[in-house]
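Okay, so here's the structure we're looking at.
Every read-out reported here was derived from the displayed coordinates using simple, explicitly stated rules and does not represent laboratory data. These numbers were taken from a predicted model, which means no experiment stands behind them. Note: ideal-geometry Cβ built from the backbone for every residue, glycine included; neighbour counts use all protein chains shown.
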Amino acid sequence: MDHEDFDVIVVGAGFAGMYLLHRFRQMGMTARAFETGSDVGGTWYWNRYPGARVDVESMQYSYQFDEELQQEWEWSERYSPQPEILRYAQHVADRFDLRRDIQFNTRVVAAHFDDQAVNWKITTDDGKQTRSRFFVLAVGCLSSFNKPDIPGLDDFSGNSYFTGQWPHRPVDFSGQDVAVIGTGSTAMQSSVEIAKQAKSLTVFQRTPNFSIPAHNRPQDPEYVAYFKANYPELRAKAKTVYGGLLDDFDERLAVETPREEVEAVLEARWKKGGLTFLGGFADMLYDHRANIIAADFVRDKIRSIVEDPETAELLCPTNIIGGKRLCVDSGYYKMFNLPHVQLVDIAGTPIERITPEGILRGGEVLKFDSIVYATGFDAITGSYLRIDIRGRNGRALKDHWEGGPRTYIGMAVAGFPNMFTVTGPGSPSVLTNMLPSIEMSVEWMTEAIDTMRRKQKRVIEATPQAEADWVAHVNEVAQGSLRSTVKSWYNGGNIGDKPSVFMPYIGGLPAYVRKCDEVVENDYRGFELL
Ligand code: N01
């Protein structure tokens with residue numbers, strides 16, 4: 001048997017990778033994480049664009065595994081800005097001395113299961129190979145930036161910025177003519193800030209998106225004190241809610257509620273702000289009639305905010321609300337009332353190419369000093385498939401996932417023994433509050449490894465049947481939702497050649513946790529332990 005350098009190799013040192021390292025250390029196992037960035041933080045390390053902030057309330061977007069940690073950390077705003085979240089990640093790394101087990105500036109390029117040695121051989125971009133018994137992918141769901149396939153992109157003589165690979169130095173747009181391409185959450189957050197500096201800002205919109213105001217504000221000390229005094233109960237309650245996020249979700253149906261009452265609930269939720277706007281009724285994402293009420297409500301809001309009627313109409317999405325992920329903004333629609341901000345609708349007349357001076361569209365070159373690409377991610381599977389992962393008999397993960405990702409409970413793949421995926425495809429991941437979902441996932445897999453050790457097993461592997469059943473279940477529950485009817489990054493619709501499969505598990509966190517618990521209670525049903 002070949003020598004194993006570590007018990008476990010982890011890919012990524014974001015919130016998932018960091019917690020894994022902490023858990024493995026507590027279990028007395030040796031672990032090494034490889035991280036492409038030069039520090040911890042994952043998403044919050046890369047996405048440094050102006051205006052980047054979390055859109056889950058910060059009191060809930062934090063680790064809960066350590067009581068002292070959650071008591072000592074202070075969030076300054078309702079929705080914390082990226083630099084503060086990155087500081088939090090760095091604080092956690094310091095507090096638990098995690099960096100000594102992380103090799104930064106290192107990309108994992110290949111991971112091959114060795115059938116004879118029964119371990120994983122990991123190749124990194126420094127040319128080195130490392131072996132481990134277990135291999136855990138903590139690569140995040142939105143980590144592979146989608147550099148758009150626009151001709152001439154490299155010809156531009158001005159400054160090009162990619163939101164998912166933002167420079168570490170401050171970027172000053174003062175006095176510049178700036179273009180932003182994209183109108184997702186990232187574009188909405190960044191353009192509001194860029195407009196505050198730039199001489200002119202032009203937003204290129206291919207598809208309009210629904211956005212709910214954030215109503216961000218400084219943290220209320222009384223709210224913080226209440227939260228900190230009641231963390232155990234509040235965290236436990238959040239786990240019983242669909243998205244793992246505390247809020248008042250209602251089981252009522254909008255279609256069975258008087259229209260004025262539905263409007264009043266939507267108005268109250270609009271005033272409250274944030275991602276749970278649709279949570280007042282259970283049918284918003286399941287019944288077209290309910291969805292149209294909410295979509296019309298937001299369209300009316302857009303028309304009431306944006307002064308120029310033509311721009312307002314262009315900003316009004318015609319799609320299902322919540323089909324693509326809702327955006328949460330801090331003044332996006334209002335920004336279009338500024339005289340130096342304009343919207344260019346490229347739905348009918350797309351960008352032809354980038355030229356040295358700017359953007360060619362409709363036979364005309366619009367000149368810019370800087371172009372910001374806020375063009376999204378090769379979501380959920382992108383970061384897995386950029387690594388040459390091979391399981392038993394050299395089978396490539398990209399072949400196994402040719403028709404879309406296949407996992408068992410979002411954490412294991414048949415034919416890829418001792419490999420785990422944190423918040424992988426087939427888990428609720430991006431449909432939930434990511435931090436508690438990460439913790440749940442990490443705790444489940446580390447407990448599984450601990451059980452193996454106690455039972456003196458060397459291998460844990462999902463069976464092909466269990467995987468097939470889970471994939472069928474994930475697809476079946478997705479079919480019921482209006483979300484599956486819209487092209488989005490949830491279903492690969494934003495990337496040309498991706499299989500069209502709804503990737504996250506849409507059944508909600510409580511149902512998912514129940515399923516994972518049942519697997520354990522039934523002696524790891526669906527897994528073979530050898
Ligand atoms: O990416 P997106 P994002 N030419 O895919 C356009 C999370 N997030 O980075 O819709 C022109 O939503 C594309 O157009 P279209 C959050 O989960 C969280 O904004 O494909 N345009 C779209 O408008 C979010 O949902 C926070 O027609 C092109 C945009 O680019 C997820 O990340 C903050 C194009 C991409 O929008 C992704 O958001 C930010 C092209 N060639 C993000 N290619 C928090 O607050 C793409 N587009 C936690």
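Residues of the stretch 284-317 with amide nitrogen under 17 Å from the 7 Å Cα-to-Cβ point of VAL255?
Within reach of a label on VAL255: 284-296.
I want to make sure I understand the PRE zone here: with the label point 7 angstrom from the Cα of GLU267 toward its beta carbon, which residues in the stretch 300-319 have backbone N atoms less than 17 Å away?
300-305
Given the chain, what percent of its DSSP beta bridges are antiparallel, to the nearest 5? List each step's numbers first, then the result.
Numbers: 26 of 64 bridges.
Percent antiparallel among DSSP bridges in the chain is about 40.
Evaluated at 10 °C with a viscosity of 1.306 mPa s, what Stokes-Einstein diffusion coefficient in µm²/s does the stretch 219-340 have when Rh comes from the Kirkwood expression over alpha-carbon pairs? Mind showing how you got there, number by number?
Numbers: Rh = 16.3 Å.
It comes out at roughly 97 µm²/s.
From the phi angles alone, apply the Karplus equation (6.51, -1.76, 1.60; θ = phi - 60°) to the stretch 282-296 and give each ³J(HN,Hα) in whole Hz, x where the residue is Gly or Pro.
Result, ordered by residue: 7, 9, 4, 9, 10, 10, 3, 5, 5, 4, 5, 4, 5, 5, 4 Hz.
In nm, to one decimal, how far is the LYS147 label point from the ARG169 one, both placed 7 Å along Cα→Cβ?
2.0 nm
About the Cα centre, and with charges only on the beta carbon of Lys, Arg (+1) and Asp, Glu (-1), how big is the dipole of the chain? Nearest 20 debye, please.
On the way: 57 positive and 72 negative charges, 159 e Å.
About 760 debye.
Go ahead and run the numbers for FRET between ASN105 and ASN159, Cβ-Cβ distance against an R0 of 25 Å, rounding to 0.05.
Working: r = 24 Å, r/R0 = 0.97.
The formula returns an efficiency of 0.55 here.
In terms of the ratio Rg/(2.2 N^0.38 Å) built on C-alpha atoms, what value belongs to the chain? Please list the in-between numbers first.
Details: Rg = 23.3 Å, N = 530, 2.2 N^0.38 = 23.9 Å.
The chain yields a ratio of 0.98.
For the stretch 1-76 and the stretch 470-530, compute the distance between their C-alpha centroids and round to whole Å.
Rounded to whole Å, the Cα centres lie 24 Å apart.
How big is the charge dipole of the stretch 29-68 about its Cα centre, in debye rounded to the nearest 20, if each Lys and Arg gets +1 on its Cβ and each Asp and Glu gets -1 on its Cβ? Can you show the working numbers first?
Working: 3 positive and 7 negative charges, 61 e Å.
My answer is approximately 300 debye.
List, in order, the whole-Hz ³J(HN,Hα) value for each residue of the stretch 224-238 obtained from phi through the Karplus relation with A = 6.51, B = -1.76, C = 1.60 and θ = phi - 60°; use x for Gly and Pro.
Values per residue, Gly and Pro as x: 5, 4, 4, 4, 5, 6, 10, 3, x, 5, 5, 5, 5, 5, 4 Hz.
Can you tell me the relative contact order of the chain? Whole percent, Cα pairs under 8 Å, sequence separation 6 or more. All intermediate terms of the calculation are to be shown ahead of the outcome.
On the way: 1069 pairs, mean separation 100.5, N = 530.
Dividing the mean separation by the residue count of the chain yields 19 percent.
Please arrange THR451, THR421, THR381, THR318 by counting, for each residue, the other beta carbons lying within 10 Å of its beta carbon, fewest first. Walk me through the numbers before you get to the answer.
Values: THR451 15, THR421 28, THR381 24, THR318 8.
Lowest to highest Cβ neighbour count: THR318, THR451, THR381, THR421.
Run the numbers on the stretch 65-123 and let me know its relative contact order in percent, using alpha-carbon pairs under 8 Å that are six or more apart. List each step's numbers first, then the result.
Details: 23 pairs, mean separation 10.6, N = 59.
Relative contact order for the stretch 65-123 comes out at 18 percent.
Suppose only helical runs count, i.e. DSSP H with n ≥ 4. What mean residue ellipticity at 222 nm does that imply for the chain under -39500 (n - 2.57) per run, divided by all residues and rounded to the nearest 500 deg cm²/dmol? Don't skip to the end; give the middle numbers.
Values: 16 runs with 167 residues, N = 530.
Value at 222 nm, helices only: -9500 deg cm²/dmol.
What is the set of long-range amide H partners of SER200 at a cut-off below 5 Å, with H atoms built 1.01 Å from backbone N?
Answer set, sorted by chain and number: GLN176, ASP177, VAL178.
Could you pull out every residue, at least 5 positions away or on a different chain, whose amide H is within less than 5 Å of the one on ARG107? Hs are placed 1.01 Å off N in the peptide plane, and Pro or chain starts have none.
Here the answer is ASP125, ASP126, since their amide H atoms fall under 5 Å of that of ARG107.
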